[in-house]
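Read the structure below first, then the notes.
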Amino acid sequence: MKKLRNASFLLAALLVVTSCSKQKSATTGWNYNDPEWGGFEVSEYNEQITAPGLVFIEGGAFTMGRVTDDARYQWNNVAHNVTVSSFYMDETEVTNQSYREYVYWMTRAYGEEYPERVRAIYPDTNAWRDKLAWREGFVDYYFQSPIYDQYPVVGVTWEQASKYCIWRTDRVNEKILVDKGIIVLDLTDLRGETAFQTDVYLAGQYRGESKTELENLDPSAGGEPRQVRREDGILIPHYRLPTEAEWEFAALGLIGNTYDERIIEHKTYPWAGSSVRSANKKYYGQFLANFKRSRGDAMGVAGNLNDGWDYTCPVKWYFPNDYGLYNMAGNVSEWCMDVYRKDQNPVGGEDMDPFRGNVYRTPTYIDEEIAINDTTGSIIYRNVDDDLNRRNYRQADNINYLDGDYASNIYDYNSNSGITEWISSGDDEEEAVVSEDSYMNNPDSVTNMMYRRNLANQRNVTSLLSNKVRVVKGGSWNDRSYWMQAGTRRFYEQDRSTSWIGFRCAMDRLGPRAGK
């Protein structure tokens, strides 16, 4: 027993000594986080926090696209297998209250000096109007009244939703740094150029007031402190809109429909079964989403309302799916990040985290320093069009890559007279004949040929599709049950809004893909 006690004491002492010693590099044997050994720092943060409002979505393989008859014969959602990485997604659609907080903050930061920035983000409340319907109550009260605080915001364009994601990222990261005592929260003199922006801070261009910066272990820094870096693992990634694949995967909630790595029944809706009514004995026959049952029947009859809502409903009204996401069918349709093309899965397309819409950008430098816009305080970005030595991409804008332009255009490349390109200029159209080679070497020209646009008002002439059209998923209060199927898809111009489209945010999952 005495020997056992001595051995235990020695083991405990060894653990204390080990815990107090510096962490060493397995590559060089040098100490980490030690100025005497170069000061290379290794962060103690190795797990991504779940940012406010988000739910963890464990990824995996699934069949994306149509699982029932294509009632409209559009052939734009042919079934195909893809894998979606784990990510985070908003539990609910973004509410009026949340978006009003955004407008309020932007008004304080930019309203006095740059009121046009506030006007640009304000939702279009006139989106409720219809030439043959009375909806002025929604125009006047839906966004402003506290009665509708927990209803989904509508009248928001894709562009506005994307800007909201950027603002939300900045506010969450700002709070993280304030809570850690790294920066000072001074709202008494809030101006756009001094407002916290994540990318500006990480670029070392933050113009606000710092409080307690981190110890700099680099011996060449002369004892000067440093700010937080990405390597510290403190700040969260960017909020963003979900990709189409992520949205559809999250809507199906297949974690509640699998057994031993098998999907035992492919869901049509976010819930089990092929009916829009509950099979639960306690709620038997009740509708599971807010939609229009038939023309003229938006909510049932007085005394026996079916889904209970004529227009939108609160974002947490119906049962969530197996991921805990509310209203992934019905209520409002939702913006996705993707540029719309009819073919979801082109030949040679990616089967891991598919997405169409990549435009790669990089910060602009002036005199070896990242350039900042004096009006907004934001980083000035440029497209990466000078990096041609790559194998994975050759240009910044990859929206039109493998989108079927050559295969589906209506012009004859073999014609000796060349190819006719129609260019709209104002109200008049002039015809220009160009050579076949110039088209074959310029994919954008072929896209212009397919998706002709009026240059004066930037609206489409021969097609509803363009690079400014985004994917919309999920049915709304204004739709029949067909559009609530997770596999159905539509499109809408990114600079326009409507009373039946809202949005929710997503975020990349860093590190482990499995749930806890």
Inset, instruction - Select, from A251, A245, the only residue that is assigned by TED's automatic domain parsing to the domain that holds D508, among the small types (G, A, S), outside any loop (DSSP other than H, G, I, E, B) and touching a Lys or Arg at 6+ places or on another chain (Cβ under 9 Å). - result: A251
Inset, instruction - Quick one: in the stretch 184-204, of everything that is loosely packed, with under 14 Cβ neighbours inside 10 Å and free of Cβ contacts under 8 Å to residues at least 12 places away in the same chain, which residue is nearest to I370 (Cα to Cα)? - result: D189
Inset, instruction - Just give me the residues in the stretch 274-321 being surrounded by fewer than 17 Cβ atoms within 10 Å (Cβ to Cβ), within 29 Å of the chain's Cα centre (by Cα) and of a type outside the set (K, R), in sequence order. - result: S274, D310, F319
Inset, instruction - Within the stretch 166-183, identify whether any single residue is assigned to a loop (DSSP other than H, G, I, E, B) and surrounded by 15 or more Cβ atoms within 10 Å (Cβ to Cβ), and answer yes or no. - result: yes
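Here is a yes/no grid of residues against (1) basic (K, R); (2) touching a residue at least 12 places away in the same chain (Cβ under 8 Å); (3) assigned by TED's automatic domain parsing to the domain that holds Y259:
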| residue | (1), (2), (3) |
| --- | --- |
| V55 | no, yes, yes |
| G59 | no, yes, yes |
| F87 | no, yes, yes |
| R117 | yes, yes, yes |
| Y141 | no, no, yes |
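Yes or no, residue by residue, for (1) within 26 Å of P270 (Cβ to Cβ); (2) at pLDDT 90 or above; (3) assigned to a helix (DSSP H, G or I); (4) among the polar types (S, T, N, Q):
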| position | (1), (2), (3), (4) |
| --- | --- |
| N46 | no, no, no, yes |
| F56 | yes, yes, no, no |
| T63 | yes, no, no, yes |
| D70 | yes, no, no, no |
| T92 | yes, yes, no, yes |
| R100 | no, yes, yes, no |
| E113 | no, no, no, no |
| R117 | no, no, yes, no |
| N126 | no, yes, yes, yes |
Inset, instruction - Inspect all residues belonging to the stretch 507-515 and state whether any of them is outside any loop (DSSP other than H, G, I, E, B), under 19 Å from the mean Cα position of the chain (by Cα) and modelled with pLDDT of 90 or more. - result: yes
Legend entry - Of all residues in the stretch 146-160 being among the polar types (S, T, N, Q) and closer than 21 Å to P314 by Cα, the one that is surrounded by the most Cβ atoms within 10 Å (Cβ to Cβ): T157
Legend entry - Positions within the stretch 204-234 being part of a loop (DSSP other than H, G, I, E, B) and in contact with a Pro (Cβ under 7 Å, 6 or more places away or on another chain), in sequence order: E213, E215, N216, L217
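The values are calculated or read from the model by the stated rules, or taken from the named source; none is laboratory data. Model, not experiment: these values are computed from the prediction. So basically every Cβ, Gly included, is an ideal-geometry build from the backbone, and we count neighbours across all protein chains shown.
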